[in-house]
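Every number in this text was worked out from the coordinates using simple rules, so none of it is lab data. Predicted model, so just to flag it, every value in this text is computed and none were measured. Backbone-built Cβ (ideal geometry, glycine too); neighbour counts: all protein chains shown.
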Amino acid sequence: MCVSFVGDKVFCESCVKTHEAKKIVSSQNKGNHPSNNIFLDNPYEEEYEIRKKRNSNGKSLIWLVIVICSIAVYAQLYFYTHPTETPIDQQQLATNQRLVSIIQCLNVFHKVGQILTIGEMPDSQLKCEDPSGPLVITTDGDTISISHANPSIYGVSQISVSNDNPFPILLD
């Protein structure tokens with residue numbers, strides 16, 4: 001624009017030619033100017049919309065899986081830190097304790113049997129943890145037999161081991 005431009009669009013001669021050329025070019029470009037929406041005349045518009053829906057459904061599914069997994073983890077943590085109190089069956093507890101004490105006593109007799117097998121006498125301190133007293137040692141020739149003094153506290157009639165058989169014998 002020229003310096004002599006005024007509000008009523010008065011141009012000098014050189015500016016008039018430039019201004020008219022600009023008008024012609026802009027009017028031609030308006031017809032060729034693409035619209036702002038690139039999918040207006042696009043044949044793939046439906047496919048694009050389907051993909052757009054599919055992608056949004058995929059994101060929703062991912063978030064759903066994340067939420068479900070988070071709930072599962074927090075539920076496991078809650079139940080781990082807050083266990084339910086189950087009533088203890090006293091009879092079952094007594095049976096379990098009795099079995100544990102029998103197994104411990106049988107382990108002692110197994111150690112005694114291993115010591116007898118190598119030809120040595122076991123230590124007098126080696127005995128079951130019950131208050132029945134020391135182990136009973138009997139000899140018959142070359143056979144050394146060791147038995148429990150009061151096996152009835154375990155509910156059996158005999159617990160014994162010998163140098164001939166290092167494995168404990170438990171009789172009802």
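The stretch 60-90 and the stretch 144-172 have Cα centres separated by 50 Å. Taking the alpha carbon gyration tensor of the stretch 41-172, multiplying each eigenvalue by 5 and rooting it gives semi-axes of 72, 20, 11 Å, largest first.
Going from the residue with the fewest nearby Cβ atoms within 10 Å to the one with the most, Thr117, Thr95 rank Thr95, Thr117.
Restricting the chymotrypsin sites (Phe, Trp or Tyr not before Pro) of the stretch 43-122 to loop positions (DSSP other than H, G, I, E, B) with no more than 12 neighbouring Cβ atoms within 10 Å leaves Tyr44.
Toward the positive end of the charge dipole of the stretch 99-171, with +1 on the Cβ of Lys and Arg and -1 on the Cβ of Asp and Glu, the farthest Cα among Ser162, Thr138, Ile103 is that of Ile103. Taking the number of Cβ atoms within 10 Å of each Cβ as an exposure proxy, the fewest-first ranking of Ser147, Ser27 is Ser27, Ser147.
The residues packed around Cys105, meaning those with a beta-carbon under 13 Å from its beta-carbon, carry a net charge of +1 if Lys and Arg are +1 and Asp and Glu are -1.
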